[in-house]
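**Q** This is the structure I have questions about; it appears just below.
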Amino acid sequence: MNLKSLAEDDRPREKFLLKGKSAVSDSELLAIIMGSGNREESAVELARRILNSVENNWHRLSQLSIKDLTKFKGVGEAKAISIATALEIGNRKSQQEVLERQQISSSQDAFEILQPHLSDLHTEEFWTIFLNHQNKILYKTCLFRGGIASSVADVRVVFKTALEHFSTQIIIAHNHPAGSLKPSKEDINITQKIKDAGKLLDIDLLDHLILTQNKYYSFKDEGIL
């Protein structure tokens, strides 16, 4: 897609998608929030004029009331509220502390995180925890659900999700509703397949846990992984 072929009002959105948020100017960001301009101005031109009125300062823009914003031709109450809302979100974000991600340093840590999700199920589920290089959790989710005796894990889905979250390490887990912690032949096979696939992508498989209601089996702790 060529930026020059796009309508003026669509360019900020496409630029955001094609080049990333850091490539978008202040006026283009404001244009995206507003969505459209007026009969004489594109959204970008209108946004530029609004920002010029406050010396291109977001703090000063946030001080304008809804009534002040609606004085600009093309800015109705709905657009003014959208602008004020976006600025208030930014204000609240700046006042919040960055949440510290959970870190996994042992199989027990992983078990305690997964137990609430898997311990009381009557059917099997296959979960994956996606981590960064510091063993901090980026994302965790159930990728596959199965029956009483098994769940089918697709290696491609595991690593597609890992790449989407920029994960460099993963922990996989599933439950045994029948209560046995002994890994099946299929459990061992899928562990090896995921481990081998991870080597090609530089994504390490740290562990595979099998969970029952209050116990777990760790492939790493048992020296299988």
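The values are calculated or read from the model by the stated rules, or taken from the named source; none is laboratory data. It should be emphasised that the depicted structure is a prediction, and the values quoted were computed from it without experimental measurement. Cβ atoms come from the backbone with ideal geometry, glycine included; neighbour counts cover every protein chain shown. In case anyone asks, the SASA skips ligands and DNA or RNA and just uses the protein heavy atoms, side chains included. Shrake-Rupley method; radii C 1.70, N 1.55, O 1.52, S 1.80 Å.
**Q** Could you check the simple spin-label distance between Glu164 and Arg60, using points 7 Å along Cα→Cβ, in nm with one decimal?
**A** Label-label distance for Glu164 and Arg60, simple model: 4.3 nm.
**Q** Now for a different question. To one decimal place, what Kirkwood hydrodynamic radius in Å is obtained for the range 36-95 from all pairs of distinct Cα atoms?
**A** Result for the range 36-95 stands at 11.8 Å.
**Q** To continue, here is another question. Which angle from 0 to 90°, rounded to the nearest 10, does the C-alpha axis of helix 107-118 make with the longest principal axis of the chain?
**A** Taking the Cα atoms of the chain, the angle to 107-118 is about 80 degrees.
**Q** Run through all the Cα pairs of the range 56-183 and give the fraction in each 5 Å bin from 0, expressed as whole percent.
**A** With a bin width of 5 Å, the distribution comes to 2, 9, 14, 13, 11, 8, 7, 7, 8, 9, 6, 4, 2, 1, 0.
**Q** With n ≥ 4 as the cut-off for DSSP H runs, can you work out [θ] at 222 nm for the chain, using -39500 (n - 2.57) per run divided by the number of residues, rounded to the nearest 500?
**A** Mean residue ellipticity at 222 nm (helix-derived): -13000 deg cm²/dmol.
**Q** Between the helical axis of 43-53 and the dominant principal axis of the chain, each derived from Cα atoms, what acute angle in degrees is found, rounded to the nearest 10?
**A** The two axes meet at around 70 degrees.
**Q** Given H placed 1.01 Å from N in the peptide plane, which residues other than close sequence neighbours of Gln169 have an amide H under 5 Å from its amide H?
**A** Those qualifying (amide H under 5 Å, at least 5 residues apart or on another chain) are Leu131, Asp204.
**Q** Additional query: If r is the Cβ-Cβ distance from Lys71 to Arg92 and R0 is 22 Å, what FRET efficiency results, to the nearest 0.05? Kindly include the intermediate steps, with their values, before the conclusion.
**A** Working: r = 26 Å, r/R0 = 1.18.
Rounded to the nearest 0.05, the efficiency is 0.25.
**Q** Within the range 41-147, how many Lys pairs sit with Cα atoms under 26 Å apart, leaving out pairs fewer than 8 places apart on the same chain?
**A** 6
**Q** Another question, then. Return the FRET efficiency for the residue pair Lys199, Asp120: r is the Cβ-Cβ distance, R0 is 41 Å, and the value is rounded to the nearest 0.05.
**A** 0.75
**Q** How much accessible area per residue does the range 37-164 have, in Å², with a 1.4 Å probe?
**A** 63
**Q** Over the chain, calculate the relative contact order: mean separation of alpha carbon pairs under 8 Å at least 6 apart, over the residue count, as a percent.
**A** Details: 312 pairs, mean separation 30.6, N = 225.
So the answer I get is 14 percent.
**Q** Then there is this: Pop out the carbon and sulfur fraction of the accessible area of the chain as a percent, whole number, probe 1.4 Å.
**A** Ligands and nucleic acids excluded, carbon and sulfur reach 50 percent.
**Q** If you don't mind, there's one more thing I want to ask. So what are the ³J(HN,Hα) numbers for the range 163-180, from phi and the Karplus equation (6.51, -1.76, 1.60; θ = phi - 60°), rounded to whole Hz, Gly and Pro as x?
**A** 5, 4, 9, 6, 7, 10, 8, 9, 10, 9, 7, 8, 9, 10, x, 6, x, 7
**Q** Find the Rg to Rh ratio for the chain, where Rh is the Kirkwood radius over alpha-carbon pairs and Rg uses the same atoms.
**A** Rg divided by Rh gives 1.19.
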